[in-house]
Ligand code: PEP
Ligand code: MN
């Protein structure tokens, strides 16, 4: 249920409603704009259905939401969520460019990529330390050592760092070293992990599952917001279809649809979506045109020898060229990079 307060409702009126909801055993989540306050009511469906909120002072409208998500919806919050992490901003017109290798491999590799990403105008540095690999025999990432190298590389060029957290057990450790916690496609419906990240004070980059519907992506994001963490970035990274020429199929309609349905920033990852470096630039351009708030691209100083995802990784000159080509398109879309 969404309770819309009248314009400039007093704090006392808002508190009164919230108190009543708490007494009834429901949770109240506030979206407080300068003029409008909307209160999202979360709790047992039956209980909420019976709540009579229409007559309360200051309440103008009560909307019964049937969708399985509320807090992430545009109805709850019309304005874009702006995620700020260190100096980087994403959402609300600020375009985020996340770049870096699939996995952290060495100090030299990370320092070189960090320099290149910074110099070309990237806004965040990525690098996997805990890698979700299809084969248990493939390189699983450097773990804690990798987190430390990522952190040091990010610090050396003053870029915030993004890395994946694979398991609830690692959440605290990863949060200690990283600025943004990535939930990978294979973990999008790991509800325990989502709940844990909802309780943490770190922005979350939530990637779409390999065969997740738009509604399922939104429901997963709802888990994180429900826990109190409102800094969530959604990422379209390609879905599995019958096509095998590309690694996945980049669903650009999902980017546009998500931008309409939710106030959360939406980015695209053409590297994992296509699996082919020659398709990264055209798909970056297309994602910007579809309304993406940012991109995530894999960059490696020596893609031929990358321990993971080399065929989809750009080398440094290609990434620098990519940034030059994308900048005017971002501006054309009315965003800042
Ligand atoms: C990644 O970004 O490193 C990654 C493993 O992506 P995905 O979870 O989308 O496969
Ligand atoms: Mn990868």
Next item on the list: Could you calculate, for segment 169-283, the ratio of the Cα radius of gyration to the Kirkwood radius, expressed as Rg to Rh?
Entry: 0.98
Next item on the list: Could you pull the Cα extents of segment 105-187 along its three principal axes, largest to smallest, in whole Å?
Entry: 35, 24, 22
Item checked: Helix-only mean residue ellipticity at 222 nm for the chain, each DSSP H run of n ≥ 4 adding -39500 (n - 2.57), per residue, nearest 500 -> -10500 deg cm²/dmol
Notebook entry, point to check: For segment 243-309, which semi-axes, largest first and in whole Å, follow from the square roots of 5 times the eigenvalues of its Cα gyration tensor?
Noted result: 24, 13, 10
Item checked: Packing rank of 321-334, 194-207, where each peptide gets the mean count of other beta carbons within 10 Å, highest leading -> 194-207, 321-334
Note to self: As a footprinting exposure proxy, order 179, 315, 44 by other Cβ within 10 Å, with the fewest listed first.
What the structure shows: 44, 315, 179
Notebook entry, point to check: Taking Cα pairs under 8 Å and at least six residues apart, what relative contact order does the chain come out at, in percent?
Noted result: 16
Check: If one puts a single equal scatterer on every Cα of the chain and applies the Debye formula without solvent, what log₁₀ I(q)/I(0) results at q = 0.10, 0.11, 0.15 Å⁻¹?
Finding: -0.59, -0.70, -1.18
Next item on the list: Would you mind checking the tilt of helix 144-157 against the longest principal axis of the Cα atoms of the chain, expressed as 0 to 90 degrees and rounded to 10?
Entry: 90
Next item on the list: Using only Cα atoms, find the angle between the long axis of helix 107-120 and the longest principal axis of the chain, and express it within 0 to 90 degrees, rounded to the nearest 10.
Entry: 70
Check: In Å, what Rg and Dmax follow from the Cα atoms of segment 1-123?
Finding: 21.2, 65
Notebook entry, point to check: Which three semi-axes in whole Å describe the equivalent ellipsoid of segment 2-63, each the square root of 5 times a Cα gyration tensor eigenvalue, listed largest first?
Noted result: 18, 11, 10
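Values quoted throughout were computed directly from the atomic coordinates according to the rules given, and no laboratory measurement underlies them. Small disclaimer: the values here were computed from a predicted structure and weren't measured. Glycine gets a Cβ as well: all are built from the backbone with ideal geometry, and neighbour counts include every protein chain shown.
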